[in-house]
Amino acid sequence: MPSAQPENPQQLLVKMTTILDRLKIPYLVSGGMSVLIWGRPRFTADIDIIVELETKDIRSLAKALTSLTKHSYVNEDTIAQALVNKGEFNYLDPNLGLKVDFWLFQNTAFDKSRFERRVGRKILGKTVYFSSPEDLILIKLAWYQQSQSTRHLEDIESIIAISGKKLDKKYLETWS
């Protein structure tokens, strides 16, 4: 029986991370949802989660995600292909109008550092792990280089404006 429909992005985020915790799949939340933690609130139409997924996790993750609501959609073959390609797969919740982009852990020095530095924050009473503000700035810079979308620069400015005094500038210099 599908569980109750999430009513907002934060509820969906908590449901996603609860599944990942239950399945013992390491994760960190990045993108716009992390900007909400470290910068100014802004609209985001998706949730970006980086996962350290293994082949053995595919079936149980797909089953858990599709059981969230009767309208949930995720494709097990797409998850498997994303794992092979170290790419991404999506979970769609058409009722809420949100998409969750699951990005695969890349096993690079930077991704390892990002996971070591992830920061837990309470969302609706549950600890959810987010990208550190420094790592969020660095990944937003990389995404800007790829897409030239000024949204990434606006997010970086927002993070610096809100979290700037607390930022580890040496870490930023080392990785940039």
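The values are calculated or read from the model by the stated rules, or taken from the named source; none is laboratory data. Quantities reported herein were computed from a predicted structural model and do not represent experimental measurements. All Cβ positions, glycine included, derive from the backbone under ideal geometry; neighbour counts span all protein chains shown. Just the protein is used for accessible areas: all its heavy atoms, side chains included, with ligands, DNA and RNA removed. Shrake-Rupley method; radii C 1.70, N 1.55, O 1.52, S 1.80 Å.
General observations
- Selection status of Asp93, without any contact (Cβ under 8 Å) to a residue 12 or more places away in the chain, surrounded by 15 or more Cβ atoms within 10 Å (Cβ to Cβ) and touching a strand residue (DSSP E or B) at 6+ places or on another chain (Cβ under 9 Å): no
- Some residue of region 138-153 being under 27 Å from Met16 (Cβ atoms), of a type in the set (D, E, K, R), open to solvent by less than 80 Å² (accessible area, probe 1.4 Å) and modelled with pLDDT of 95 or more: no
- Where Tyr171 falls short, out of the listed (1) out of contact with any strand residue (DSSP E or B) (no Cβ under 8 Å at 6 or more places or on another chain); (2) modelled with pLDDT of 95 or more; (3) within 20 Å of Pro41 (Cα to Cα): (3)
- Selection within region 67-83 - of a type outside the set (Lys, Arg) and in a loop (DSSP other than H, G, I, E, B): Ser67, Leu68, Thr69, His71, Ser72, Val74, Asn75
- Look at region 14-26: where a residue is under 13 Å from Glu52 (Cα atoms) and a partner is surrounded by 15 or more Cβ atoms within 10 Å (Cβ to Cβ) and acidic (Asp, Glu), sitting 6+ places away or on another chain with Cβ atoms under 9 Å, you get Leu23/Asp57; Lys24/Asp57; Ile25/Glu52; Ile25/Asp57; Pro26/Glu52.
- Matching residues, region 141-176, being without any contact (Cβ under 8 Å) to a residue 60 or more places away in the chain and closer than 20 Å to Lys112 by Cβ: Leu141, Ala142, Trp143, Asp168, Lys170, Tyr171, Leu172, Glu173, Thr174, Ser176
- Test: residue in region 130-139 that is under 26 Å from Glu7 (Cβ atoms), touching a residue at least 24 places away in the same chain (Cβ under 8 Å) and of a type in the set (Ser, Thr, Tyr): yes
- Residue count for region 27-45 under the criterion of being of a type outside the set (A, V, I, L, M, F, W, C), out of contact with any Gly (no Cβ under 7 Å at 6 or more places or on another chain), open to solvent by 20 Å² or more (accessible area, probe 1.4 Å) and in contact (Cβ under 8 Å) with a residue 40 or more places away in the chain: the result is 1.
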